[in-house]
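See structure below.
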Amino acid sequence: MKILHWIISVSIILFNAFHFLDITFNILKTCGGGMGFGYLLLPFILPINFLLITAFMSFNEKFADHNFIFLINLFGLLWTIFCFLF
C-alpha cells in the first residue's frame, strides 16, 4: 500500500512539474490569452496544482499511513489524467 501511495504521489508531482504548472503560469503571464479565454481553464487546473500539497505530505512519515490523504491523491490523479487527456 505504501508503494502505491508513493507512486501516485510521484505521478502527481511529475504531471504538475512538467505540464500543469507551466500552463498555469502561462495563463497568468499572458492575462488569459488574447481574449481572456484562458481563465476558463483555471478552475480545472488550480485544484491539480493544489494536489502538490497532499502529494508532498504523503512523503512525511506523520501522514504516510493516512487513508484520507491516499484517497485525495488517488482521486486527484484520476482528475489529473482526465484533464491531461483533454
* To do: Considering (1) surrounded by 12 or more Cβ atoms within 10 Å (Cβ to Cβ); (2) touching an Asp or Glu at 6+ places or on another chain (Cβ under 9 Å), say which one F44 fails and leave the rest.
  => (2)
* To do: Could you grab me the full set of residues in segment 21-42 that are part of a helix (DSSP H, G or I) and not aromatic (F, W, Y)?
  => L21, D22, I23, T24, N26, I27, L28, K29, G38, L40, L42
* Note down all Cβ pairs under 6 Å where the first residue falls in segment 60-86 and is part of a helix (DSSP H, G or I) and aromatic (F, W, Y), the second is surrounded by 11 or more Cβ atoms within 10 Å (Cβ to Cβ) and modelled with pLDDT of 85 or more, and they're at least six residues apart or on different chains. => F70/H5
* To do: Six or more apart or on different chains, Cβ under 7 Å: which pairs go from a residue in segment 1-16 that's modelled with pLDDT under 90 to one that's of a type in the set (A, V, I, L, M)? Could you list them?
  => K2/A64
* Asked: F25: in contact (Cβ under 8 Å) with a residue 40 or more places away in the chain and loosely packed, with under 15 Cβ neighbours inside 10 Å, yes or no?
  -> no
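The values are calculated or read from the model by the stated rules, or taken from the named source; none is laboratory data. Note that the structure is predicted; figures quoted are calculated from it, not measured. Every residue, glycine among them, receives a Cβ derived from its backbone with ideal geometry; neighbour counts consider all protein chains shown.
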